[in-house]
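The values are calculated or read from the model by the stated rules, or taken from the named source; none is laboratory data. Just so we're clear, the structure is a prediction, and the values are computed from it rather than from any experiment. Virtual Cβ from ideal backbone geometry, glycine too; neighbours counted across all protein chains shown.
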Amino acid sequence: MNELPTKSYLNDPKGLKSWLLTLDHKRIGLLYLFSIMAAFALGGIFAMLIRLELLSPGKDFMEADTYNQLFTLHGAIMIFLFIIPSIPAILGNFALPLMIGAKDVAFPRLNLASWYIYILGSAFAVYSMVAGAADTGWTFYTPYSTETTTSVISMTLGAFILGFSSIFTGLNFIVTIHKLRSPGMSWFKMPLFVWGLYATAIIQVLATPVLGITLLLLIIERVAGIGIFDPAMGGDPVLYQHFFWFYSHPAVYIMILPGMGIISELISVFSNKKIFGYKAIAFSSLGIAFVSFLVWGHHMFVSGQSELAAMIFSFLTFFVGIPSGIKVFNWVTTMYRGSISLKTPMLYALSFLFLFTIGGLTGIFLGALSVDVHLHDTYFIVAHFHYVMMGGTVMAFLGGVHYWWPKIWGRMYSELWARISVALIFVGFNVTFFSQFILGSQGMPRRYYNYLDQYQPLHAFSTYGSWILGLGFVIMAVYLVHSLFKGRVAGSNPWGALTFEWTTASPPPHENFATIPETTHGPYDFDKIVPKRTLTED
Amino acid sequence: MAQATGQPHFLQHHFTDVEQQRESAKLGMWIFLITEVLLFGGLFCAYAIYRSWNPDIFHNAHVHLDIFAGTLNTVVLITSSVTMALAIRSMQLGNRPATLKFLITTLLLAAVFLVVKYFEYSHKIHLGQLPGKFYTFGGIEGTNPHIFFSVYFLMTGLHGFHVLAGMGVITWLIVRTQRNAFSAEYYTPVEMTGLYWHLVDLIWIFLFPLFYLVG
Ligand SMILES: [Cu+2]
């Protein structure tokens, strides 16, 4: 049977110091894993509290001000501390160098620095929570954000600092992909996850500095009252919104593109079939990255931008549907006549396909001007966003975590419990958020503490869903931790995949490969090669 | 880390050769410079908007900037870019004393730039030509003349911060050069700092006409 290697990146060298000063991309990925999961748990608890308060109209157990702070913290933590870094910083860090046959990322020290900057930024965010948490919503819109007495500065400063962490990761990945591919790995031999990370990194590098300057201006405005966003002093609050969305719309593609990369891996491997339309998928990632910079105004249809601008932004927004649609069709076609194995990662990939398609299509509704005027700032937006971000990115992230888990630790989790958990998460998610589409279309505004009695049944339904969802995550935490100690030893290639990371030991040695692998076939050539699986069915 | 295989000591373990390491550093630096351009881009955008809304104020306010000081600083920064380039060239030729000399000159010129900026700023603070609510100057016609100074202080302030950061890096280079860390084979940090320094210079070359010469 399989055995764990005696020496791997996990135990060589030993000691806390060797972890905190590590330059190994795999260890840095794990440092990110633990810290980002802590943020996810915190943001998740806040979400549960919000849903609990909304179980019935009026006050259930918290004050309106507390409620405002909680949804702000939920949003800010989930966006800046969890979902933006999640896939690139955890799975990208771990898998990218392995997948292209490199020993490490191009700048290992910068990589470690990015983690410390992440911790510093998170510290500011946490400080903001105890020092009178911000109640502005995660968008920090002026003029409210410059007037409220809550601690906006520490939260925005935290987000500002986290931006550097994101830029460093993106910069590192671009250079790594350009310069460190192993001999013979041409651009079109790269796994599609690498393409996804590449497109993501481009957005990280181009958009994040604009968020940086925006938050800096907001902080200066709040501290010194320079009036740059204050209409009473000749400034313009809408300029803040333009700046903010110039970053934050592309940022949703920072969140989704690496997820799409994971889905490409999962669909091909678990259909045991060559990916359909490799180049179309690769280029559509770049296409999405490009279009993402031209559509920010769709967040401002009712903010007083010119009608002409709104029409152009609406028109361009529809274009995002094209590369996204190309991907979905290619994934579905890949599965057609494949021999599909419904392992946990594949179940997440299928969940992604289903939920992301709903999220994407409702995005088209919202991109249409007249419809948006009706649905703007309602629960419909909340539902759409969660279908794309949680139904999309988080499902892909969880699929990726389960896919690479045996590579990271060398051990398998319990497939049975993993399937129970994915079922609970899928059902819980839909119960929680589909009801919010209906609530929104009936006019329930987002971010409200109180609501009319007529909305109560759907709100209650949504809250019940959050409990199912929460249960799914608790089960996941238990079986994943359990697997570290008791899981079956997975061997180097438990899924029968063809990319490089599955050719080395699980967990891999410190230097990744005994000898640098050479590209002899494409990453998805299941039609030519029958990979040897190291783990058979129970 | 020294390698047993006869690899040069400055080659990091995850690169296959010196060329790959140097190319990577260069690409990384260029990407970093792009992020800098975008950082300033937000402010240039704010400048464009507020100037197009308040053309008269920008015109009336800009005459209160000291064109002599601005011109002097432009000359100082361009000269420092030249000395930086000469420092790189000297290291390429393996001439350590010349490198040191040029780096120190660059550092001094950067300091001159900041000193001139200090006198300009303190004069403005004295007169109350300041952003937002701090504006107390009475000599400019039109509503909200402080807008000009908000944008002026934001942009030149951010630029000044970059000059300061550059001085820090150049100081580090001077120390490293003295300790013989660089040679004709390995001078990547000097070269990369040079790229950064040229960008800082370039941004000033845009700021100077936009503020001092808008009339
Ligand atoms: Cu958007």
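Being in a helix (DSSP H, G or I), more than 16 Å from the ligand (Cβ to nearest atom) and without any contact (Cβ under 8 Å) to a residue 60 or more places away in the chain is the filter here, so list the residues in region A:213-230 that pass it. Selection gives A:ILE213, A:LEU216, A:LEU217, A:ILE220, A:ALA224.
The C-beta contact set for region B:64-92 (first residue basic (Lys, Arg), second residue assigned to a helix (DSSP H, G or I), distance under 9 angstrom, 6+ apart or interchain) comprises B:ARG89/B:ALA98; B:ARG89/B:THR99; B:ARG89/B:PHE102. Of all residues in region B:45-71, those satisfying the criterion of being under 26 Å from the mean Cα position of the chain (by Cα) and surrounded by 17 or more Cβ atoms within 10 Å (Cβ to Cβ) are B:ALA46, B:TYR47, B:TYR50, B:ARG51, B:PHE58, B:ALA61, B:HIS62, B:HIS64, B:LEU65, B:GLY70. Given the conditions (1) of a type outside the set (Ser, Thr, Tyr); (2) within 12 Å of another protein chain (Cβ to nearest Cβ); (3) loosely packed, with under 14 Cβ neighbours inside 10 Å; (4) closer than 17 Å to B:GLU185 by Cα, report the number of the one that B:HIS9 does not fulfil. Among (1) of a type outside the set (Ser, Thr, Tyr); (2) within 12 Å of another protein chain (Cβ to nearest Cβ); (3) loosely packed, with under 14 Cβ neighbours inside 10 Å; (4) closer than 17 Å to B:GLU185 by Cα, B:HIS9 violates only (2). In this structure, A:VAL332 does satisfy being more than 16 Å from the ligand (Cβ to nearest atom), of a type in the set (A, V, I, L, M) and surrounded by fewer than 16 Cβ atoms within 10 Å (Cβ to Cβ). For region B:19-41, state whether one or more residues are more than 8 Å from chain A (Cβ to nearest Cβ), charged (D, E, K, R) and under 25 Å from B:LEU103 (Cβ atoms). Within region B:19-41, one or more residues are more than 8 Å from chain A (Cβ to nearest Cβ), charged (D, E, K, R) and under 25 Å from B:LEU103 (Cβ atoms). The set of residues in region A:302-326 being more than 11 Å from the ligand (Cβ to nearest atom) and aromatic (Phe, Trp, Tyr) consists of A:PHE315, A:PHE318, A:PHE319. Quick one: how many residues across region B:125-155 are within 14 Å of chain A (Cβ to nearest Cβ), at negative phi and surrounded by 15 or more Cβ atoms within 10 Å (Cβ to Cβ)? Qualifying residue count, region B:125-155: 17. Can you confirm whether region A:20-34 contains a residue that is over 25 Å from A:LEU398 (Cα atoms), over 25 Å from the mean Cα position of the chain (by Cα) and in a helix (DSSP H, G or I)? No, that holds for no residue.
What residue, of A:PHE365, A:PHE293, is over 23 Å from A:LEU197 (Cβ atoms), within 15 Å of the ligand (Cβ to nearest atom), aromatic (Phe, Trp, Tyr) and part of a helix (DSSP H, G or I)?
Values: A:PHE293 fails: over 23 Å from A:LEU197 (Cβ atoms).
Unique residue meeting the criteria: A:PHE365.
Within region B:42-81, how many residues are among the charged types (D, E, K, R), within 14 Å of chain A (Cβ to nearest Cβ) and touching a Phe, Trp or Tyr at 6+ places or on another chain (Cβ under 9 Å)?
Taking region B:42-81 first, the residues among the charged types (D, E, K, R) are B:51, B:56, B:66.
Keeping just the survivors that are within 14 Å of chain A (Cβ to nearest Cβ) gives B:51, B:56.
Retained after the next criterion (residues that are touching a Phe, Trp or Tyr at 6+ places or on another chain (Cβ under 9 Å)): B:51.
Of the residues in that region, 1 qualify.
With respect to (1) away from chain B (no Cβ under 14 Å); (2) buried (at least 24 other Cβ atoms within 10 Å of the Cβ); (3) part of a helix (DSSP H, G or I), the lone exception for A:LYS279 is condition (2). For region A:421-467, the set of residues classified as closer than 18 Å to A:GLY43 by Cβ and aliphatic (A, V, I, L, M) consists of A:ILE425 only. Criterion first (among the hydrophobic types (A, V, I, L, M, F, W, C), away from chain B (no Cβ under 13 Å) and free of Cβ contacts under 8 Å to residues at least 60 places away in the same chain) does A:ILE83 satisfy it? No; evaluated as a whole, the condition is false for this residue.
Within region A:102-184, considering only helices (runs of 4 or more DSSP H) that don't extend past its boundaries, which have at least 3 residues that are touching a residue at least 24 places away in the same chain (Cβ under 8 Å)? Give the derivation first.
Values: elements: A:108-130, A:144-147, A:152-179.
Per the criteria, A:108-130, A:152-179.
Under the condition of being under 10 Å from A:ILE202 (Cβ atoms) and within 16 Å of the ligand (Cβ to nearest atom), the residues counted in region A:278-290 number 2. For A:PHE244, indicate whether it is more than 13 Å from the ligand (Cβ to nearest atom), in contact (Cβ under 8 Å) with a residue 12 or more places away in the chain and within 11 Å of chain B (Cβ to nearest Cβ). In short, no.
Determine whether B:ALA87 is surrounded by 21 or more Cβ atoms within 10 Å (Cβ to Cβ) and within 14 Å of another protein chain (Cβ to nearest Cβ). Walk me through how you get there before you give the answer.
Details: surrounded by 21 or more Cβ atoms within 10 Å (Cβ to Cβ): yes; within 14 Å of another protein chain (Cβ to nearest Cβ): no.
So B:ALA87 does not fit the description; no.
Can you tell me which residues in region A:213-241 are more than 7 Å from every other protein chain (Cβ to nearest Cβ) and of a type in the set (Gly, Ala, Ser)? A:ALA232, A:GLY235 - these are the residues of region A:213-241 that are more than 7 Å from every other protein chain (Cβ to nearest Cβ) and of a type in the set (Gly, Ala, Ser). Residue-level check: of (1) touching a helix residue (DSSP H, G or I) at 6+ places or on another chain (Cβ under 6 Å); (2) away from every other protein chain (no Cβ under 14 Å), A:TYR144 misses just (1).
Looking only at region A:131-168, count every residue that is among the acidic types (Asp, Glu) and surrounded by fewer than 18 Cβ atoms within 10 Å (Cβ to Cβ) and tell me the total.
1
For A:SER268, indicate whether it is on the phi < 0 side of the Ramachandran plot, within 16 Å of the ligand (Cβ to nearest atom) and either assigned to a helix (DSSP H, G or I) or touching a residue at least 24 places away in the same chain (Cβ under 8 Å) (or both). No: the conditions fail for A:SER268. Only a single criterion out of (1) assigned to a helix (DSSP H, G or I); (2) at pLDDT below 95 is not satisfied by A:PRO258, namely (2).
Rundown of residues vs (1) under 24 Å from A:LEU355 (Cβ atoms); (2) modelled with pLDDT of 95 or more; (3) charged (D, E, K, R), yes/no style:
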position	(1), (2), (3)
A:SER284	yes, yes, no
A:ILE288	yes, no, no
A:SER292	yes, no, no
A:MET300	no, no, no
A:SER303	no, no, no
A:GLU307	no, no, yes
A:ALA310	no, no, no
A:VAL320	yes, no, no
A:ILE326	yes, yes, no
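Looking at this structure, is A:PHE356 surrounded by 17 or more Cβ atoms within 10 Å (Cβ to Cβ), assigned to a loop (DSSP other than H, G, I, E, B) and within 16 Å of the ligand (Cβ to nearest atom)? Answer is no for this residue.
Here A:VAL252, A:VAL205, A:VAL210 are screened, and the one residue that is more than 9 Å from chain B (Cβ to nearest Cβ), in a helix (DSSP H, G or I) and either out of contact with any strand residue (DSSP E or B) (no Cβ under 7 Å at 6 or more places or on another chain) or surrounded by fewer than 22 Cβ atoms within 10 Å (Cβ to Cβ) (or both) is A:VAL252.
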